[in-house]
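Engineer: Here it is: the structure, laid out below.
The values are calculated or read from the model by the stated rules, or taken from the named source; none is laboratory data. Note that the structure is predicted; figures quoted are calculated from it, not measured. Here the Cβ positions follow ideal geometry from the backbone for every residue, glycine too, while neighbour counts run over all protein chains shown.
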Amino acid sequence: MIEIRPVNWTNIETHYEWNNDPELNFFDSDFPHSKESFDSFSRRLKEMSSEDNRSIIIMEIFHTGDDKLIGIVDIHQIDPINKRCDIECTIAERKYRDQGYGTMAFREAVRYCIEDLGMNKVMSSAFDFNDKWIRILTNLGFEQEGRLRQHAIKDDRYSDKLVFGLLKSEYKQSQKFQEAV
């Protein structure tokens with residue numbers, strides 16, 4: 001099982017390592033990997049998660065069996081007017097991948113966005129080659145809403161980025177979310 005908690009600054013070195021992991025960057029970022037200094041990363045993370053910035057919430061994913069920090073949830077582009085947001089979710093610790101923890105964490109993040117933040121729409125995206133994340137999104141009832149063609153260069157070729165969305169009404173009707181409650 002997993003638990004999602006607010007970001008804890010005592011874990012910043014772990015987040016820094018993940019930020020500079022080329023494999024994680026490949027799946028998560030539109031930009032080529034480049035090593036960022038600890039000071040720059042620390043400043044950027046503090047700015048993003050400051051109380052003044054209400055458009056981003058960063059949370060940590062913990063494995064409850066051993067209380068190990070295993071990943072991160074990034075809720076961003078929070079729009080309180082139109083009641084929508086984007087979620088990115090990463091299981092960064094390799095030992096914990098491919099065990100369903102990413103799905104659990106993402107499901108909990110969606111629940112948080114809709115039930116606690118009052119969002120009407122939750123969105124996420126995936127590069128066209130990221131079959132695992134696309135499968136997670138579609139299995140949870142997300143609909144593909146768009147395709148950003150030739151959006152980023154990955155492995156020396158252009159890759160499309162797919163945009164997915166889930167409405168509050170779909171969330172409430174979904175057995176996949178009701179089973180998790």
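Engineer: Could you check the range 71-108 and list, in sequence order, the residues that are assigned to a helix (DSSP H, G or I), touching a residue at least 40 places away in the same chain (Cβ under 8 Å), out of contact with any Cys (no Cβ under 6 Å at 6 or more places or on another chain) and not hydroxyl-bearing (Ser, Thr, Tyr)? Show your work before the answer.
Structural biologist: Taking the range 71-108 as the starting set, the residues that turn out to be assigned to a helix (DSSP H, G or I) are 94-96, 101-108.
Now drop any that are not touching a residue at least 40 places away in the same chain (Cβ under 8 Å), which leaves 101, 104-105, 107-108.
Filter once more, so that each one left must be out of contact with any Cys (no Cβ under 6 Å at 6 or more places or on another chain): 101, 104, 107-108.
Passing the criteria: Met104, Arg107, Glu108.
Engineer: In the range 1-39, how many residues are among the polar types (S, T, N, Q), part of a helix (DSSP H, G or I) and surrounded by 11 or more Cβ atoms within 10 Å (Cβ to Cβ)?
Structural biologist: 4
Engineer: Let me ask something else. Given the structure, is Lys172 among the basic types (Lys, Arg), surrounded by fewer than 17 Cβ atoms within 10 Å (Cβ to Cβ) and over 21 Å from Pro22 (Cα atoms)? Step through it out loud before you land on a result.
Structural biologist: Numbers: among the basic types (Lys, Arg): yes; surrounded by fewer than 17 Cβ atoms within 10 Å (Cβ to Cβ): yes; over 21 Å from Pro22 (Cα atoms): yes.
Yes, satisfied.
Engineer: Could you list, ordered by first residue, the pairs with Cβ atoms under 7 Å in which the first is in the range 50-66 and in contact (Cβ under 8 Å) with a residue 60 or more places away in the chain and the second is surrounded by fewer than 16 Cβ atoms within 10 Å (Cβ to Cβ) and not in a loop (DSSP other than H, G, I, E, B), at least 6 apart or interchain?
Structural biologist: Phe62/Glu3; Phe62/Arg5; Phe62/Lys68; Thr64/Glu3
Engineer: Any residue at all in the range 113-135 that is part of a helix (DSSP H, G or I), in contact (Cβ under 8 Å) with a residue 40 or more places away in the chain, at negative phi and in contact with a helix residue (DSSP H, G or I) (Cβ under 8 Å, 6 or more places away or on another chain)?
Structural biologist: Step one: filter the range 113-135 for residues part of a helix (DSSP H, G or I), giving 113-116, 131-135.
So of that shortlist, the ones also in contact (Cβ under 8 Å) with a residue 40 or more places away in the chain come out as 114, 133.
Remaining after also requiring at negative phi: 114, 133.
The next check asks that each one be in contact with a helix residue (DSSP H, G or I) (Cβ under 8 Å, 6 or more places away or on another chain); those that pass are 114, 133.
Yes; the residues of the range 113-135 include at least one that is part of a helix (DSSP H, G or I), in contact (Cβ under 8 Å) with a residue 40 or more places away in the chain, at negative phi and in contact with a helix residue (DSSP H, G or I) (Cβ under 8 Å, 6 or more places away or on another chain).
Engineer: Here's another thing I want to ask about it. Among the residues of the range 88-109, are any within 21 Å of Glu170 (Cα to Cα), surrounded by fewer than 16 Cβ atoms within 10 Å (Cβ to Cβ) and not small (Gly, Ala, Ser)? Break it down stepwise before answering.
Structural biologist: If we filter the range 88-109 for residues that are within 21 Å of Glu170 (Cα to Cα), which is where we start, we get 88-89, 102-109.
Restricting the remaining residues to those that are surrounded by fewer than 16 Cβ atoms within 10 Å (Cβ to Cβ) gives none.
No: zero hits.
Engineer: Next up: Please go through the range 43-69 and pick out each residue that is small (Gly, Ala, Ser), at pLDDT below 90 and either touching a strand residue (DSSP E or B) at 6+ places or on another chain (Cβ under 6 Å) or assigned to a helix (DSSP H, G or I) (or both).
Structural biologist: Let us first name the residues in the range 43-69 that are small (Gly, Ala, Ser), namely 49-50, 55, 65.
Still in the running and at pLDDT below 90: 49-50.
Within the range 43-69, just Ser49 meets the criteria.
Engineer: Still on this structure, please answer the following. Could you grab me the full set of residues in the range 115-124 that are in contact with a strand residue (DSSP E or B) (Cβ under 9 Å, 6 or more places away or on another chain) and surrounded by fewer than 22 Cβ atoms within 10 Å (Cβ to Cβ)? Steps first, please.
Structural biologist: To start, the set of residues in the range 115-124 that are in contact with a strand residue (DSSP E or B) (Cβ under 9 Å, 6 or more places away or on another chain) comprises 117, 119-124.
Passing the criteria: Leu117, Asn120, Lys121, Met123.
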